[in-house]
Amino acid sequence: QVREWKNEGSKRYMCTGRPGWLTVSLRVGKYKKIHKNIMINLMDVLEVDSERQVVRVEPLVTMGQLTAHLNPMGWTIPVVPELDDLTVGGLIMGTGIESSSHIYGLFQHTCVAYELVLADGSLVRCSPTENSDLFYAVPWSCGTLGFLVAAEIKMVPAKKYVKIHYEPVRGLQRICERFTEESKKKENSFVEGLVYSLEEAVIMTGVLTDEAEQSKINRIGNYYKPWFFKHVEKYLKADRTGVEYIPARHYYHRHTRSIFWELQDIIPFGNNPVFRYLFGWMVPPKISLLKLTQGEAIRKLYEQHHVVQDMLVPMKSLEKSIQTFHVDLHVYPLWLCPFILPNNPGMVHPKGNEAELYVDIGAYGEPKRKQFEARASMRQMEKFVRSVHGFQMLYADCYMTREEFWDMFDGSLYHKLREQMNCKDAFPEVYDKICKAARH
């Protein structure tokens, strides 16, 4: 298809032909309508190499599909981003994170090689040792350097359960201290925090295990169970710590049924025990279905009165960041997920010369701030994130100007490769693909 596009005179930019409503991002990309759509129907797990501990997959393999395939074989991947429908391609070209990222980094940091079809129609493999510039430039590039056709991802042995410890913490300073302490401990397989108000949070740490106390097993993934964030809140309300054993796959997809806490805005009675027992099996609706069926008026309303953002900030700025989120947005709960950011080349790396501990702050829901105005409030947030050398996840609405965008992200390697590989006539620049200002 790419060669055909070339033969026809390379008239328009290319993009993947997957319809916009199928993506997990709430944004509907208008570029699909005007660019040359290249159909990439590659959705298979190609090979599981137990010796190298690597799994080779095609870009449309989803997280749900991958864990279902690997777990019975005794394997999993180090970072399993939450929602079942997230694809490998999206997690590499965009980004992905999970509560194991304080050990392994972002999803891209667990990949050992990519295979891409470039603008000239050639197939290239890249890794840290071959075509390394391309290997480091691909993550966050949103499909603007080439088409991903396969990826090799590290595997780790799977265990049956996650032994999870819930700890309610009060006082913002104390929350940040405890969260930082736990995030630094490599013996924790998982670390995450749910912040329910400026002064209240529950910090969860988990360890992978094959043994479990039968009386403490909680199969939170069963359709009739309370939504996970509501279950966690009970520990805060009762002001007590607790320990449970959650089956590993249930843990990996613990926020899937309630789409974190987005579903409470869509189905306010969804956590009611009667609803869960009778209709819980129908939940969650696919994000793709919601996007396909929502009218333009609803979408605009959502955009103005609803926030779905992940901001990645250095751990040392956590307290200041939560305060800023509180003032500018006032959305709770907030999701906290720590990750180590290695000093690799590419669009996203720490300011200094060595790896640094960062935290992803996820704000999903309806802002309770009185004067919330989507564009102005988000520009304020983006400015703050740039000031602490943080990054905004690119699936979300982004209101930065081009200059601000390249101030946040390091474009040096990216632009060099676009020049070298003649991408400028083939693909739009990443900014033009994702930013509001570029798409009017």
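Worth pointing out:
- The set of residues in the stretch 396-407 that are open to solvent by 10 Å² or more (accessible area, probe 1.4 Å) and either touching a strand residue (DSSP E or B) at 6+ places or on another chain (Cβ under 8 Å) or over 23 Å from LEU134 (Cα atoms) (or both) comprises ASP397, TYR399, THR401, ARG402, GLU403, GLU404.
- Hits in the stretch 233-251 - residues which are in a strand (DSSP E or B), among the hydrophobic types (A, V, I, L, M, F, W, C) and under 25 Å from the mean Cα position of the chain (by Cα): ILE246
- Test: residue in the stretch 249-258 that is farther than 16 Å from ASN218 by Cβ, modelled with pLDDT under 80 and crowded, with 18+ Cβ neighbours inside 10 Å: no
- Options LEU318, LEU329; residue that is buried (at least 21 other Cβ atoms within 10 Å of the Cβ) and at pLDDT below 95: LEU329
- Residue check for SER25: polar (S, T, N, Q), at pLDDT below 90 and within 17 Å of CYS142 (Cα to Cα): yes
- When residues of the stretch 370-388 are limited to those that are in a loop (DSSP other than H, G, I, E, B) and surrounded by 16 or more Cβ atoms within 10 Å (Cβ to Cβ), the one farthest from the chain's Cα centre (by Cα): PHE372
- Restricting the stretch 380-412 to residues that are in contact with a Cys (Cβ under 9 Å, 6 or more places away or on another chain) and without any contact (Cβ under 8 Å) to a residue 40 or more places away in the chain, the residue that is nearest to MET311 (Cα to Cα) is GLU382.
- When LEU357, LEU336, LEU341 are screened for being touching a residue at least 60 places away in the same chain (Cβ under 8 Å), under 21 Å from the mean Cα position of the chain (by Cα) and surrounded by fewer than 19 Cβ atoms within 10 Å (Cβ to Cβ), only LEU357 passes.
- Qualifying residue in the stretch 161-178 (condition: touching a Gly at 6+ places or on another chain (Cβ under 6 Å), closer than 29 Å to ASP44 by Cβ and at pLDDT 95 or above): yes
- In the stretch 418-440, the residue that is most open to solvent (accessible area, probe 1.4 Å) out of those that are more than 21 Å from TRP5 (Cα to Cα) and over 22 Å from the mean Cα position of the chain (by Cα) is HIS440.
Every residue, every condition in (1) open to solvent by less than 20 Å² (accessible area, probe 1.4 Å); (2) outside any strand (DSSP E or B), yes or no:
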site: SER99; (1), (2): yes, yes
site: ALA113; (1), (2): yes, no
site: LEU116; (1), (2): yes, no
site: ARG125; (1), (2): no, no
site: PRO128; (1), (2): no, yes
site: PHE135; (1), (2): yes, yes
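- Test: VAL2 is out of contact with any Cys (no Cβ under 9 Å at 6 or more places or on another chain), modelled with pLDDT of 90 or more and of a type outside the set (Asp, Glu): yes
The values are calculated or read from the model by the stated rules, or taken from the named source; none is laboratory data. All figures in this text were calculated on a predicted structure; none of them were measured in a lab. Every residue, glycine among them, receives a Cβ derived from its backbone with ideal geometry; neighbour counts consider all protein chains shown. Ligands, DNA and RNA are excluded from the accessible area calculation, which covers all protein heavy atoms including side chains. Shrake-Rupley method; radii C 1.70, N 1.55, O 1.52, S 1.80 Å.
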